[in-house]
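The values are calculated or read from the model by the stated rules, or taken from the named source; none is laboratory data. All of these numbers come straight from a predicted model, not from anything done at the bench. In this analysis, Cβ positions are derived from the backbone assuming ideal geometry, glycine residues included, and neighbour counts consider all displayed protein chains.
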Amino acid sequence: MTDLGPNGAQLREHQLNESCKVKKNPEHKIETKLAQLGRDPNSHEGFVNPPIQRGSTVLFDNPADLYRKDIKTYGLEGASTQDRLCSALTEIMGGVGTILCPSGLSAITLVLLGLTKSGDHVLVCDSAYGPTRRFCDEVLAKYGVETTYYPPSVGTEIGAFIKPNTVLIMLESPGSITMELQDIPAIVKVAKAKGIVTAIDDTWSAGVYFKPLAIGVDISIQALTKYQSGHSDVLAGSVTTNNEELLARLLDMHLALGIGTSAEDAWLCLRGLRTMAVRLAHQDQTARKIASWLETREEVERVLHPALPSSPDNAIWQRDFTGAGGLFSFILKPVGKAKIYAMLEAFEIFAMGFSWGGYESLVLYCDPQIKRSAVKWTENGHLIRLAIGLENVDDLIADLDRALEALK
């Protein structure tokens with residue numbers, strides 16, 4: 001495999017995003033972009049959808065091409081199918097380039113590995129995705145990278161956690177279990193003043209309801225497994241940046257790790273993009289109606305949904321977001337674990353599972369996942385997370401009513 005240095009990496013990414021010629025109009029709204037980007041029917045016999053281009057070995061006529069740094073030399077670098085998805089995501093996110101990974105977690109770890117070295121210090125939000133914390137504690141630590149967890153509410157006071165060797169701040173807003181929002185613009189302002197890179201796991205907004213790159217975040221990470229694929233049959237992730245130098249560093253690490261994404265998975269994500277705006281809007285509307293209903297239930301202590309007026313983070317949500325999607329949590333009033341299990345077993349529509357963003361509604365008992373080190377989690381009741389799918393809202397409410405009654 002050719003060793004692409006930073007310059008070669010930039011050329012490669014330029015090739016990725018130029019390979020799919022699409023009609024781009026900055027005035028187009030997100031729904032139009034999702035339907036149009038990553039398509040070029042004239043390049044494949046006029047069919048509306050692109051073909052799946054599979055391959056491992058690239059053949060050459062000229063021996064001088066074997067070790068060129070400005071062309072693809074092996075299947076791990078992807079082919080036209082992956083290129084089209086990269087092109088679409090880059091345009092949607094407002095970046096200069098996108099890298100595909102085989103999962104959302106691998107996209108996170110690519111950033112952590114690609115931008116740190118022994119002796120560096122990383123700041124991670126205390127409400128971050130559990131596997132992010134696990135990777136920092138169990139892998140980065142072994143290679144001499146220190147991690148400090150900071151409270152989600154820190155805002156401009158992030159400076160108190162920064163050390164002379166801090167190189168990266170990993171954001172996640174909201175946290176995918178406890179749903180706290182962060183004041184991202186405030187944190188970014190401090191980070192930029194100190195020359196620290198910022199990256200965000202922005203899967204909750206799907207890159208549609210929040211635009212981190214537009215407000216100064218350097219890197220946006222997506223678990224394409226969720227809303228982009230939309231059908232619970234894909235594992236994929238993406239890293240998009242608006243910084244050419246960061247893009248080159250991440251591409252070099254991506255090549256070194258050999259974490260390619262299959263053409264089939266890229267194609268399924270492209271297909272999912274076409275309906276994502278419609279699905280997101282439905283899931284958002286349904287989730288808010290259910291969240292408001294849960295606030296009326298005597299069994300519920302608190303609903304954790306930043307779009308609700310009752311949320312302490314609602315002002316930040318109104319300022320930074322244009323929607324909310326289908327993922328939120330709620331806290332039950334204290335009951336025994338046996339009753340929690342009885343509630344979970346009473347569901348007919350909601351199924352227990354760890355993912356979200358698909359067409360099906362999911363429920364998850366989350367207490368074992370809550371890990372805090374910056375600020376102690378003080379809620380006494382059990383935390384339940386809901387991922388709202390595409391079912392009828394009245395049916396979902398009836399299912400929740402049935403399950404809550406089982407608590408009694």
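Summary table below
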{"read-out": "Residue identified as touching a helix residue (DSSP H, G or I) at 6+ places or on another chain (Cβ under 7 Å), under 21 Å from Ile177 (Cα atoms), in a strand (DSSP E or B) and at pLDDT 95 or above among Thr148, Thr132", "value": "Thr148"}
{"read-out": "Residues that are buried (at least 18 other Cβ atoms within 10 Å of the Cβ), within 14 Å of Ser373 (Cβ to Cβ) and of a type in the set (Ser, Thr, Tyr), drawn from region 119-175", "value": "Ser127, Thr132, Thr147, Tyr149, Tyr150"}
{"read-out": "Hits in region 348-373 (condition: farther than 23 Å from Gly104 by Cβ and touching a strand residue (DSSP E or B) at 6+ places or on another chain (Cβ under 8 Å))", "value": "none"}
{"read-out": "Selection within region 76-111 - under 20 Å from Ile52 (Cα atoms), in a loop (DSSP other than H, G, I, E, B) and more than 12 Å from the chain's Cα centre (by Cα)", "value": "Gly78, Ala79, Pro102"}
{"read-out": "Any hit, region 341-349, residues being of a type outside the set (Ser, Thr, Tyr) and more than 18 Å from Arg402 (Cα to Cα)", "value": "no"}
{"read-out": "Members of region 212-236 that are farther than 13 Å from Cys101 by Cα, assigned to a loop (DSSP other than H, G, I, E, B) and touching a strand residue (DSSP E or B) at 6+ places or on another chain (Cβ under 8 Å)", "value": "Gly216, Val217, Asp218, Gln228"}
{"read-out": "Output for region 176-211, where each listed residue is in contact (Cβ under 8 Å) with a residue 40 or more places away in the chain, of a type outside the set (Ser, Thr, Tyr) and assigned to a helix (DSSP H, G or I)", "value": "Ile184, Pro185, Trp204"}
{"read-out": "Residue within region 52-73 that is among the hydrophobic types (A, V, I, L, M, F, W, C), touching a helix residue (DSSP H, G or I) at 6+ places or on another chain (Cβ under 6 Å) and closer than 30 Å to Gln36 by Cβ present", "value": "yes"}
{"read-out": "Identity of the residue in region 208-226, surrounded by fewer than 24 Cβ atoms within 10 Å (Cβ to Cβ) and small (Gly, Ala, Ser), that ends up nearest to Asn165 (Cα to Cα)", "value": "Gly216"}
{"read-out": "Only listed residue being touching a His at 6+ places or on another chain (Cβ under 9 Å), among the basic types (Lys, Arg), modelled with pLDDT under 95 and loosely packed, with under 15 Cβ neighbours inside 10 Å, chosen from Lys376, Lys337", "value": "Lys337"}
{"read-out": "Strands (runs of 3 or more DSSP E) contained entirely in region 296-408, each with at least 2 residues that are farther than 29 Å from Leu235 by Cα, more than 21 Å from the chain's Cα centre (by Cα) and hydrophobic (A, V, I, L, M, F, W, C)", "value": "300-304, 327-332"}
